[in-house]
Amino acid sequence: MSMGAYDDEEHERREQKTRVDADFAEERSEYRGRVTYDSGESAEALLDQFKTIKGE
């Protein structure tokens, strides 16, 4: 067999190796839990900071 040439078995092996299963895209994953974010500042403090940045 010369360089670059391969037989049917090699072709099948490579085809199996590169096959992609796209069925997972059909399913939606369900997230259970909660996400929280605490900046440590009150809404008033954040508004004051925004006004300072804005230049008021």
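The values are calculated or read from the model by the stated rules, or taken from the named source; none is laboratory data. Because the structure is a prediction, the values reported are computed rather than measured. Because the Cβ atoms are built from the backbone with ideal geometry, glycine has one as well, and the counts that use them run over all protein chains shown.
Yes or no, residue by residue, for (1) surrounded by 10 or more Cβ atoms within 10 Å (Cβ to Cβ); (2) modelled with pLDDT under 80; (3) not in a helix (DSSP H, G or I):
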{"residue": "MET3", "(1), (2), (3)": "no, yes, yes"}
{"residue": "TYR6", "(1), (2), (3)": "yes, yes, yes"}
{"residue": "GLN16", "(1), (2), (3)": "no, no, no"}
{"residue": "VAL20", "(1), (2), (3)": "no, yes, yes"}
{"residue": "GLU30", "(1), (2), (3)": "no, no, yes"}
{"residue": "ALA45", "(1), (2), (3)": "yes, no, no"}
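Just to be sure, is ARG34 at pLDDT 80 or above and of a type outside the set (S, T, N, Q)?
Yes: the conditions hold for ARG34.
Could you give me the residue pairs with C-beta distances under 8 Å whose first residue belongs to the stretch 36-48 and is without any contact (Cβ under 8 Å) to a residue 24 or more places away in the chain, whose second residue is surrounded by 10 or more Cβ atoms within 10 Å (Cβ to Cβ) wherever it lies, and which are 6+ apart or on separate chains?
SER39/LEU46; GLU41/GLN49
Taking GLU41 as the residue in question, decide whether it is surrounded by 10 or more Cβ atoms within 10 Å (Cβ to Cβ) and either in a loop (DSSP other than H, G, I, E, B) or at pLDDT below 80 (or both).
On the way: surrounded by 10 or more Cβ atoms within 10 Å (Cβ to Cβ): yes; either in a loop (DSSP other than H, G, I, E, B) or at pLDDT below 80 (or both): yes.
Yes: the conditions hold for GLU41.
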